[in-house]
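Note sheet for the following structure.
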Amino acid sequence: AKKRAALPEAVVMAMLDPSVEVNLLELQDGTALVSDQTETQKLDQQGQIRKVDTIWFGGSQAAFTGLELEKYRWIAKTINSEVDLIDALEIKGGLRSASQLPREWTPVQVTISGELSLGRSNQIIRSIASQTEGATGFNLVVFRVDQTVCDFRTASRLASYISELNQDEVYTVGLVRESLNGPIGLVATACREAYLLGDAQFGDATGDALA
């Protein structure tokens, strides 16, 4: 499913693999592309690159603050409190996406924290599927994602399910209240919109994020 904001593959890999470098490319045709060092080298050999800006040099798992993610248009925006979230989501009048207005919202909240097993992931998927069916089902799912231990397979399965939901029928919002490290960040960014509270960020909080 196409979304307004999504993390590029190179950024996701850099959050998981400290050897990955992330580059922002300006191509000869005027388009922009986020790539790792392998793809950058390939495109450079083909003469397709006009300009290269390295936004993560590798050496540790990548970390990006909410402001940085917003700067590169990888998330919708950053907010400082749950009060700001209510205003940003405009629950009473509908979400910011013009295609969603006007609309009666029937929300449900899913909290993910601690540990996410494959069985728990499957349970969440089944629960969402059963609660969003039919005219009386939920049409807004808010994922409150805290730091959670899980493997890449489990996180990517749930993230794939979320991203493939028909957003005209079920709108998804990821709410991140603390910094996320590892694959769990995929779940929040798979939502139609992702919001970071306060100083929350994606990636290794001990790394040096570049502006």
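Just to be sure, is Asn181 at pLDDT below 90, farther than 19 Å from Phe64 by Cα and out of contact with any Leu (no Cβ under 8 Å at 6 or more places or on another chain)? Here the answer is no, as Asn181 does not meet what is asked. The set of residues from segment 31-46 being open to solvent by less than 50 Å² (accessible area, probe 1.4 Å) and small (Gly, Ala, Ser) comprises just one member, Ser35. Does Arg73 fit the bill of being at positive phi and open to solvent by 40 Å² or more (accessible area, probe 1.4 Å)? So Arg73 passes the test. With respect to the conditions (1) assigned to a loop (DSSP other than H, G, I, E, B); (2) modelled with pLDDT under 75, Asp84 lacks only one, and its number is (1).
One line per residue, one yes/no per condition, for (1) free of Cβ contacts under 8 Å to residues at least 40 places away in the same chain; (2) at positive phi; (3) open to solvent by less than 10 Å² (accessible area, probe 1.4 Å):
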| residue | (1), (2), (3) |
| --- | --- |
| Phe138 | yes, no, no |
| Tyr161 | yes, no, no |
| Leu180 | yes, no, yes |
| Leu197 | no, no, no |
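Report yes if Arg4 is at pLDDT 90 or above and of a type in the set (Lys, Arg), otherwise no. Working first, answer last.
Values: at pLDDT 90 or above: no; of a type in the set (Lys, Arg): yes.
Taking the combined requirement at face value, the residue does not satisfy it.
Among the residues of segment 107-130, are any modelled with pLDDT under 90 and either within 30 Å of Ser35 (Cα to Cα) or part of a loop (DSSP other than H, G, I, E, B) (or both)? Within segment 107-130, not a single residue is modelled with pLDDT under 90 and either within 30 Å of Ser35 (Cα to Cα) or part of a loop (DSSP other than H, G, I, E, B) (or both). Filtering segment 47-70 down to residues that are in a strand (DSSP E or B) and aliphatic (A, V, I, L, M), which residue is most open to solvent (accessible area, probe 1.4 Å)? So, considering only residues that are in a strand (DSSP E or B) and aliphatic (A, V, I, L, M), the one most open to solvent (accessible area, probe 1.4 Å) is Val52. The number of residues in segment 44-59 being on the phi < 0 side of the Ramachandran plot and either modelled with pLDDT under 85 or not polar (S, T, N, Q) (or both) comes to 9.
The values are calculated or read from the model by the stated rules, or taken from the named source; none is laboratory data. Predicted model, so just to flag it, every value in this text is computed and none were measured. Cβ coordinates were reconstructed from backbone atoms using ideal geometry, including for glycine residues, and neighbour counts include every protein chain displayed. Just the protein is used for accessible areas: all its heavy atoms, side chains included, with ligands, DNA and RNA removed. Shrake-Rupley method; radii C 1.70, N 1.55, O 1.52, S 1.80 Å.
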